[in-house]
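Step one of this worksheet: look at the structure below.
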Amino acid sequence: MAKVLIAETSYLVRKGLVSLLEHTDGVTELKAAGHPETIMLTLKEYSPDILLLNSAITMPVTNEKLTSILHENARIIYILNTPLPAESPSSQISVFDTKNKLSEKLSFHISQYATQDNDKGETEELTPRERLILKHVALGRTNKEIASELFISTHTVISHRKNITRKLDIKTVSGLTVYAILNGIIKMEDI
Amino acid sequence: MHIHPNMKMSDLVQSDFELLAVLQRLKIPFGFKDKTIQTVCKEQGIDLHFFLNLVKWFHERDFFPGETLMNHPVKWLVKYLRSTHSCYVDYYIPRIENEIVQMESFDHSAGHNMQLMLKFFREYITEFSSHIQLEEEKIFPYILRLEENLAKEAPDQDFWEKIQGYTIKDFLDEHSDIEEKLVDLRNILLKYLAPPSDNCIFTNVLVEIFRLGNDLNDHTILEENVLIPQVLKLEEEFKKKFPG
Ligand SMILES: [Fe+2]
Ligand SMILES: [Fe+2]
C-alpha cells in the first residue's frame, strides 16, 4: 500500500513509469511531476512513501533537506539516465532497465509497505479512548483542555486526533462533530 | 489531442467537455459554427496564447501552469478567477444547498441526519463567502493596482505608502483551505450516512460535491502557484523601479 511520486523531466520516461506502476499491485496512489517547483510542492502536500527521482534534476534544496521533507518511512529511488552495472543497489533504476528488471525492483520496494499499512488499514474502528477524545473534540474543547481533563499530555491528544482523522477520513472539527452526532457519541443539543 | 490555434472551437469542446468551464469563465459565447480557436479568441478580445495555455493545462495537466501562465498580464488571470468565484457563488453553492434542502424534506430518519448536513453545509457557505470576499475586496484590487502603478511614471502616493508595509506573502500565509470541509462533507455522505429514500438526488449531490471539489482544487492551484508567484515578481519589480 504505497503512495508513489514520479519526479522525472522526460515526458516519455514519466509516462512509461506511470503506465508500469498503474499495473503494479500495492500502489494506492500515483502522481507524476516534471518541474522542480511542482515536485517540491507535491512532495509537501502529497507526502509519498516512495519518491522516484531522476538524478539529473537539480532540486532547489539539498538532498538532506529533501529527505527531511519526506516522512520517516519514505524512501527515494533514483532514476539514472545511464545504464547500471549488474550488481547495482536496488535503490537505483535506469532508463535502460528492461521491463522485468524495473518491475522486480519497484515491486520489491512497494512490497515493503504492504504489511505495515495493512494492519492499520483493517482496524478502522475507533478505540474507546479515541471515542472519548472525539467526544471532547466535538464538544469544542481545545487540545490543552482535553489534555488536562484526561490527565494526558497535549502530545498524546494530538496523536490520538491524528489517528481519529486517519481512520474516519474527516479532518475538520465541524466534520468530526457531525460524525459524533450521527454515531450517538454526543447529542445535537450538546453543541 | 493536440490543441492548436487552427482547430475548430467546437471540436475542442467535443473532445473534452470539461473545457466548457474555461469558456464560460472567459465569457466566450457559444454558437461557434466552424470558427477556429484563433478566430473565436480574436472576436472576443481574448489573447490566443492565454487561452491556449489555460485549456492545455486543464486538458493535459501535465505541466506546471506557472511556467506559461505567469507570462501574461496579471489582470487577465484576476478576471478569470473572479468569474470563477461568481460561478461558485451564483450557481454551484446555491444548487448544492437546494439539493440538500430537498433531501431534508425526504428524510424521515429519527436522527434528522439531513438537517445536520444542511447545518454543516450552511456553516461552510459562511466560511466560503468570507474567503471569497477577502479576495474580491482586498486582494484582487491590490494586485490590479500594483500592475497599474508599475506601468506609471510615478506611482500613486497612497498606493506607494500601502506597499511599504504590505506584501502578498501575508495573504499566502493566511490563504485558507476551502476544500477541507467540503471533502469532509463528501466523506460523511459517502461513508457514514444511509441514503434517504430518493437515491437519485443523493447521488447527484455527491457528484456535484466531487465536481466542486475538483474545481476548487484547480482554482487554488491557479491562485497559489500562478497568481501569487507572479505578484511577488511584480512587487520586486515595483521596489526596483520605485526604491523610495
Ligand atoms: Fe479564489
Ligand atoms: Fe482562494
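FYI, it's all coordinate maths here, none of it is from the lab. Treat the numbers as computed from the prediction; the structure is a model and nothing was measured. Cβ coordinates were reconstructed from backbone atoms using ideal geometry, including for glycine residues, and neighbour counts include every protein chain displayed.
List of remarks:
- Translational diffusion coefficient (Stokes-Einstein; Kirkwood radius from C-alpha pairs) of the stretch A:43-137 at 20 °C, 1.002 mPa s, in µm²/s: 133 µm²/s
- Once the gyration tensor of the Cα atoms in the stretch B:73-241 is diagonalised, the equivalent ellipsoid follows with semi-axes of 41, 13, 12 Å, ordered largest first.
- Directionally averaged projected area (the stretch B:88-152, Cα convex hull): 4.9 nm².
- Kirkwood Rh in Å, taken over the stretch B:1-112 so that all alpha-carbon pairs contribute: 16.1 Å
- Among the listed pairs B:Lys42/B:Lys79; A:Lys162/B:Lys191; B:Lys162/B:Lys241; A:Lys31/A:Lys162; B:Lys27/B:Lys79, those with a Cα-Cα distance over 22 Å are A:Lys31/A:Lys162.
- Equivalent ellipsoid semi-axes - Cα gyration tensor, the stretch B:104-189, angstrom: 43, 11, 9
- Intensity falloff of the stretch A:128-190 expressed as log10 I(q)/I(0), Debye formula with alpha-carbon point scatterers, at q = 0.22, 0.29 Å⁻¹: -0.84, -1.36
- Qualifying trypsin sites (Lys or Arg not before Pro) in the stretch A:162-191, where qualification requires a DSSP coil assignment and no more than 13 other C-beta atoms within 10 Å, comprise A:Lys187.
- Compactness of the protein assembly as shown - radius of gyration and Dmax, Cα, Å: 25.0, 73
- Assuming charge only on the beta carbon of Lys and Arg (+1) and of Asp and Glu (-1), the dipole of the stretch A:39-191 about its Cα centre is about 280 debye to the nearest 20.
- Cα-based convex hull, the stretch B:157-224, per residue volume (Å³, whole number): 108 Å³
- For chymotrypsin sites (Phe, Trp or Tyr not before Pro), the sites in the stretch B:143-193 that DSSP calls loop and that have at most 13 other Cβ atoms within 10 Å are B:Tyr166.
- Stretched out straight at 0.36 nm per residue, the stretch from B:Glu127 to B:Trp76 would grow longer than its current Cα-Cα span by 15.7 nm.
- Neighbour-limited loop hits for trypsin sites (Lys or Arg not before Pro), the stretch B:48-93 (at most 13 other Cβ within 10 Å; DSSP other than H, G, I, E, B): B:Arg61
- Rh by Kirkwood over Cα pairs, then Stokes-Einstein D for chain A at 0.692 mPa s and 37 °C, µm²/s: 171 µm²/s
- In Hz, Karplus ³J(HN,Hα) per residue of the stretch B:79-87 (6.51, -1.76, 1.60; θ = phi - 60°; x = Gly, Pro): 4, 4, 5, 5, 6, 5, 4, 5, 4
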